[in-house]
Amino acid sequence: MEKPSFVYSTYVRTTPKALWRALTEPEFTRRYWDSSFRSDWSVGSPMTWVQRGVTIADGEQVVLEYDPYRRLSYSWHTMTPELATAVGLSDESGTRPAAEPRSKVSFDSRSSARS
């Protein structure tokens, strides 16, 4: 993949185990993102994305890294006309995100020492 042109970082105060569950268990991801993912989480396995009643299965949306409680990474970005409609985008507005290149999303669980 090319060097990222945009990096977004979020810091969450939680345990690695709770973070992992929030990232990989559909009932947790639905609570936080109003979407869920289905995968067996093996490296190379596809990720199916479900949001607002729309299921997106794309052979290029796959798990890149899987190290429980430490790191999860996957390729992501599949805007479809059905999803654009479900999230309230017009056909014209949905075209731009659909043309964007695939992203790589990575989650790292790191403990920080506190004094």
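Read the figures in this text as sums done on the coordinates, not as results from a lab. If you're wondering where the values come from, they're calculated on a predicted model, not measured in any experiment. Virtual Cβ from ideal backbone geometry, glycine too; neighbours counted across all protein chains shown.
Show me 97-103, 76-82 ranked by packing, highest mean number of other Cβ atoms within 10 Å first.
Details: 97-103: 11.7, 76-82: 15.7.
Peptide ranking by packing, descending: 76-82, 97-103.
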Study note, to complete from the structure: In nm, the gap between the two label points placed 7 Å beyond Cα toward Cβ at residue 52 and residue 7 is 3.1
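Ranking 40, 58 by Cβ neighbours within 10 Å, fewest first, what do you get?
Values: 40 9, 58 16.
Exposure proxy ranking, most exposed first: 40, 58.
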Practice item. Take the chain, connect every pair of alpha-carbon atoms lying under 10 Å apart with a spring to form a Gaussian network, then pick out the residue of 30, 96, 38 with the largest mean-square fluctuation. Key: 96
Practice item. Take peptides 10-21, 84-95 and line them up by average Cβ neighbours within 10 Å, highest first, as a rough protection proxy. Key: 84-95, 10-21
